[in-house]
Each structure stands twice: as structure tokens, then as C-alpha cells.
Amino acid sequence: MERHLHIVSLDVPYPVNHGGQFDLFYKLVALHQAGVKIHLHCFEYGRGPQPELEQYCASVNYYERQCGHKGFSHKLPYIVASRCSAELVNNLLSDDYPILLEGIHTSHILQDERFASRRTILRLHNVEYQYYRQLADTTYSVFKKLYYLHESKLLRSYEAAIAEKASVILAVSEQDVQTYRSKFGVKNIMHLPVFLPYNEINSKEGIGCFCLYQGNLSVDENEKAALWLMDEVFNEIPAHFIVAGKDPSRKLEKAAERSGHTCVVANPSEEEMQDMISKAQINILPSFNCTGVKLKLLNALFNGRHCVVNDAAVKDSSIGPACHIGTNAESFRQIVAQLYHNPFTQEEITLRQRLLEPLFNNEQNAKQLINVIWG
């Protein structure tokens, strides 16, 4: 029997050039390899059609996201209202295949009575109302802070309203499962790990030659983390420090210039980024929010040497034992000083293999997803 599945994606999931794309794209690959006929529906706002997706999907449809004032609503969060599409609804109603909704962003159809008896699976990428509240706490812009707070308020009531309407909710972390159970009383929720491009530990033994922070530097939270590391941690440590990622601000570049041993690498290619992750002695990745899964940390654990994080980066997750955890700037400085000349060993690689490889197994997780959808 052929298995057909609609997947509604909040963005075009290719090319895979930032963390949020990993789970979207590699899930397509794994389901395709498992024999599922995928009918992909993407909201497009700048990436354009991607022929690569046709290798894995029986059909691919694109819908324009209503960006700016056209996507605003007084009742719906912007991330949802800007992805409402009558054309999408008509396409989904043309058959009775199950529907996988990627993110709260794509969940508007759950409020439509015509889908009340349909098998709908909601993939939760974050507890969005908490995520937006934390974005408000990390931004320097008053306008952005007001927007994030307003969106967080709308998202809390919206997430509560739709939480019971999906047939099943699949969260990317155990912490998000517990949040939905405790805050919204949801019972039909379970953990499904993210899908990744790597399935085995590729970390190298020995000693690297610098410390690395990497991420999308145009995101306020990531810029704040990079500045905190420059000003509070590496200001007193004579260690080479690299900050690498997308679209760093002039403020970040000036901060690096003031430091004698810090440099910013702007917009590295995926190959260059992976090369830096593998060559670094320490991947240092503090986080200022504690929802979802930190994909850049998983990348560093699969492909890099020592990883230094704070509690928020590994809160309630099983990967904490593979990391060195600092609680403040002083403890970060002590950990970096301790690890900078300390070889990364086979024992640590073996620990990561035991913790990570069984959990982030795309083939196994695709089977679990298929069982959730079709039983």
C-alpha cells in the first residue's frame, strides 16, 4: 500500500543553510527513503522554488507568505496569520491523506472544521510563546521588544486553543513536551528528535587551535551571546576567539576590533563553517533561551571537540553530560582556561556515541514518525 503524506512547511526547506532548516529537510529525505509519497507545501518569502526538493517529493507547491502589514491580524499571531492560504486549504481538501504541519506557524487549518476528522500531526519546533518572550528579553530595539511581547501574548492564547485540535503533537525536546503538558494540559504529545545531516560522531582527537562561537549573527540573541563572550569571558583570557556566522553587525565587528585576539568571520560557506567547527579546540555556545533544541550545539557535538555551554542550552536534555556547563562569566573563563590545552580524547568521543547516535538516528526516527501517522 502506498503511503501519501501532505507536509506543510513554514519556509522552503532548501538550501539547508541555517539551523531551522535541518529538521525540515532531512525529515523529507528520511521519509522518502522509507517509501512515503510526500506532497510538500511551502510558504515562500525570498528563497524561491528549489528543484532539489522534487527528488524527495511526489509534488511540491509554493504559496506566497503575506509579509508585512498584509500578514497582521488582531487575533492571530503574525507567524500564523501571514501563512493563511485559501489555495493551500483547497489543495489539502482535495484528498484525505494525513497532514504533517511543520511548526505552529502552519497550524491555521486546525481551526477549520473541515479538517476536524482529518489525521493531522503538528510538529512543534519551540514553545513559541516562551521563545518570543525570551526574544523580547534579548533585543536591544524598543520596537522589536514591543513586537515580541505582543506576539508572545497572542501565541500563548493561540497555542492553548489549538493544542488539543491536532491528532498528535510531536515536540523536538522532552522539555517542550513537559511544558505543553503542564501549561496546556495536553495529553496527545510526544518527543520526536530532530532529523540531522550526520548520524555518527566525527569529532577529532587531539588539540585544536582556537575557540569558536557560531550562529546566525543577525539574530539579536546570538549577537548578545557573542558580545557577552567578548566582553565578559575572552576579555581576560589570551585565547584565540572566532565569532562566525551570518550577517554580523558593525557593532559586533567593532567589539572584535577592540579585542586583540578576537576576529569575526562573516557569512562563511557551509563547508568553511564545518571546517572551523572541526578545527576548534572549544566550541563555546551559551544560550539566552531555553526552548526547543540547539541545532548548532548538536552540530558541534557531532563534529567538534570540547563544547562549553550554560544551563539554558541543555536544560532538561540528555546531551548535558557531553558538555562542559558554566553558570556565569567567571566559570566560563575557568573552563576555557582548563580546556584550551587539554586534548580531546577517544573516551569523550565514545561518550558522545553512546548519548547521541541512538537518539538522533534518522532512519529509526522516520519509522517512529510513520508509526505515529499510520499506526
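The values are calculated or read from the model by the stated rules, or taken from the named source; none is laboratory data. Keep in mind that this is a model prediction, so the values were computed, not measured. Cβ: placed from backbone, ideal geometry, glycine included. Neighbour counts: every protein chain shown. Side chains are part of the model used for accessible areas, which takes the heavy atoms of the whole protein and leaves out ligands, DNA and RNA. Shrake-Rupley method; radii C 1.70, N 1.55, O 1.52, S 1.80 Å.
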Among the residues of region 108-153, the number that are open to solvent by 80 Å² or more (accessible area, probe 1.4 Å) and in a loop (DSSP other than H, G, I, E, B) is 3
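Among the residues in region 147-159, are any modelled with pLDDT under 90 and over 29 Å from residue 276 (Cα atoms)?
We begin by selecting, within region 147-159, every residue modelled with pLDDT under 90; these are none.
There is no residue in region 147-159 that is modelled with pLDDT under 90 and over 29 Å from residue 276 (Cα atoms).
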Within region 43-96, which residues are outside any helix (DSSP H, G or I), surrounded by fewer than 16 Cβ atoms within 10 Å (Cβ to Cβ) and hydrophobic (A, V, I, L, M, F, W, C)? 58, 67, 72, 93
Taking only pairs six or more apart or across chains, which ones have beta-carbon atoms under 9 Å, a first residue in region 264-275 that is touching a residue at least 40 places away in the same chain (Cβ under 8 Å), and a second residue that is of a type in the set (S, T, N, Q) and surrounded by fewer than 17 Cβ atoms within 10 Å (Cβ to Cβ)? 270/17
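Yes or no: region 299-307 includes at least one residue that is open to solvent by 60 Å² or more (accessible area, probe 1.4 Å) and modelled with pLDDT under 95.
As a first pass, look at region 299-307 and keep what is open to solvent by 60 Å² or more (accessible area, probe 1.4 Å): none.
Scanning region 299-307 turns up no residue that is open to solvent by 60 Å² or more (accessible area, probe 1.4 Å) and modelled with pLDDT under 95.
Which residue, of 187, 204, 165, 183, is touching a helix residue (DSSP H, G or I) at 6+ places or on another chain (Cβ under 8 Å), part of a helix (DSSP H, G or I) and surrounded by fewer than 19 Cβ atoms within 10 Å (Cβ to Cβ)? Talk me through it step by step, then tell me what you get.
Details: 187 fails: part of a helix (DSSP H, G or I); 204 fails: part of a helix (DSSP H, G or I); 165 fails: part of a helix (DSSP H, G or I).
Testing whether each residue is touching a helix residue (DSSP H, G or I) at 6+ places or on another chain (Cβ under 8 Å), part of a helix (DSSP H, G or I) and surrounded by fewer than 19 Cβ atoms within 10 Å (Cβ to Cβ) leaves just 183.
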Among (1) open to solvent by 20 Å² or more (accessible area, probe 1.4 Å); (2) in contact with a Cys (Cβ under 7 Å, 6 or more places away or on another chain); (3) more than 30 Å from residue 189 (Cβ to Cβ); (4) not small (Gly, Ala, Ser), residue 336 falls short only on (1)
For residue 228, which of the numbered conditions (1) part of a helix (DSSP H, G or I); (2) under 21 Å from the mean Cα position of the chain (by Cα) fails to hold? (2)
I'd like to know if region 233-244 contains one or more residues that are open to solvent by 40 Å² or more (accessible area, probe 1.4 Å), hydrophobic (A, V, I, L, M, F, W, C), more than 23 Å from residue 348 (Cα to Cα) and at pLDDT 90 or above. no
